[in-house]
Amino acid sequence: MNTRIKICGFTRAEDARAAAELGADAVGLVFYPGSKRHIGIDTAREIAAALPPFVSIVALFVNQDAECIRQVLSQVPVDVLQFHGDETPEFCRQFQRPYLKAVRVRKAADIVQAAACYADARAMLLDAHVEGEYGGTGHAFDWSVLPERLAVSWILSGGLHAGNVAAALRQTGARTVDVSSGVESAPGVKCPHKMREFIRQVRRFDVEANGLAAD
């Protein structure tokens, strides 16, 4: 089974198309105005139109009101919502779409508590806790705090890049990874060479892991 790859924070249609052609499974679009990677609905529609079939579009929000989210959903073909703020489970589920809930990890209890609270999330997205920031910081959390077993699906995020993603997969056992700043030449500008190398490292790991499993 191959590791699933989400690349987040696109601001240009050509970058998203390149990511899909390189093998990304999902692209993330940031609608949070406080982010350097924030885009509006018109840009989001351009990016969506550039993607081939079967590449998922994930829309990221941070503590935004329901009407804002509904406006995006009415105009952009979003597959999955991603909530990075202090949204309650009730708030997250009201839009009748699969959702991811980001957890800004400091200790194992952060993960365990969020998994219990957001049990109906499609997955927990585990990211580094950086005061005042909501993702895309380039920082990793301490992977050793990951619980041995979680009752929910989860995604490894935070500080990943081509140089450490294989080690991260070996140590954590993650089956899905999320990268943003680790494949950029500038905030919101994805580097095709960095994306290619990141995906190559993940696929190399998959070949090794599947080979071991077959043995």
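The values are calculated or read from the model by the stated rules, or taken from the named source; none is laboratory data. Bear in mind that the values here come from a model prediction, so they are computed numbers and not experimental data. Positions of Cβ are generated from backbone atoms using ideal geometry, with glycine treated the same way; all protein chains shown enter the neighbour counts. Surface accessibility is based on the protein's heavy atoms, side chains included, excluding ligands, DNA and RNA. Shrake-Rupley method; radii C 1.70, N 1.55, O 1.52, S 1.80 Å.
Number of residues in the range 150-206 that are touching a strand residue (DSSP E or B) at 6+ places or on another chain (Cβ under 8 Å) and open to solvent by 40 Å² or more (accessible area, probe 1.4 Å) equals 6. Each residue in the range 56-66 was checked for being open to solvent by 20 Å² or more (accessible area, probe 1.4 Å) and either touching a strand residue (DSSP E or B) at 6+ places or on another chain (Cβ under 7 Å) or over 20 Å from TYR99 (Cα atoms) (or both), and 1 pass.
I'd like to verify a number: residues in the range 74-105 that are under 22 Å from PHE54 (Cα atoms) and assigned to a loop (DSSP other than H, G, I, E, B), how many? Number of matching residues: 8.
Exactly one residue out of ASP178, ASP206 is modelled with pLDDT of 95 or more, under 16 Å from ARG4 (Cα atoms) and touching a Cys at 6+ places or on another chain (Cβ under 7 Å), and it is ASP178.
Results for (1) open to solvent by less than 30 Å² (accessible area, probe 1.4 Å); (2) farther than 15 Å from GLY9 by Cα; (3) not acidic (Asp, Glu), shown as yes or no for each residue.
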| site | (1), (2), (3) |
| --- | --- |
| ILE39 | yes, no, yes |
| PRO52 | no, yes, yes |
| CYS68 | no, yes, yes |
| VAL78 | yes, no, yes |
| CYS92 | yes, yes, yes |
| ARG97 | no, yes, yes |
| VAL103 | yes, yes, yes |
| ARG122 | no, yes, yes |
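A search for C-beta distances below 8 Å between a residue of the range 76-103 that is hydroxyl-bearing (Ser, Thr, Tyr) and any residue that is in a strand (DSSP E or B), counting only pairs 6+ apart in sequence or on different chains, returns TYR99/VAL80; TYR99/LEU81; TYR99/GLN82; TYR99/PHE83.
Residues in the range 11-19: is at least one touching a Gly at 6+ places or on another chain (Cβ under 9 Å), in a helix (DSSP H, G or I), of a type outside the set (A, V, I, L, M, F, W, C) and in contact (Cβ under 8 Å) with a residue 60 or more places away in the chain? Yes, because at least one residue in the range 11-19 is touching a Gly at 6+ places or on another chain (Cβ under 9 Å), in a helix (DSSP H, G or I), of a type outside the set (A, V, I, L, M, F, W, C) and in contact (Cβ under 8 Å) with a residue 60 or more places away in the chain. Restricting attention to the range 130-149 and to residues that are in contact with a strand residue (DSSP E or B) (Cβ under 6 Å, 6 or more places away or on another chain) and surrounded by 21 or more Cβ atoms within 10 Å (Cβ to Cβ), the residue that is modelled with the lowest pLDDT turns out to be GLY135. Of the numbered criteria (1) at pLDDT 85 or above; (2) part of a loop (DSSP other than H, G, I, E, B); (3) farther than 22 Å from GLU208 by Cα, the one ASP127 fails is (2). Among the residues of the range 1-37, those identified as within 18 Å of LEU81 (Cα to Cα) and either of a type in the set (Lys, Arg) or surrounded by fewer than 16 Cβ atoms within 10 Å (Cβ to Cβ) (or both) are ARG4, LYS6, PRO33, GLY34, ARG37.
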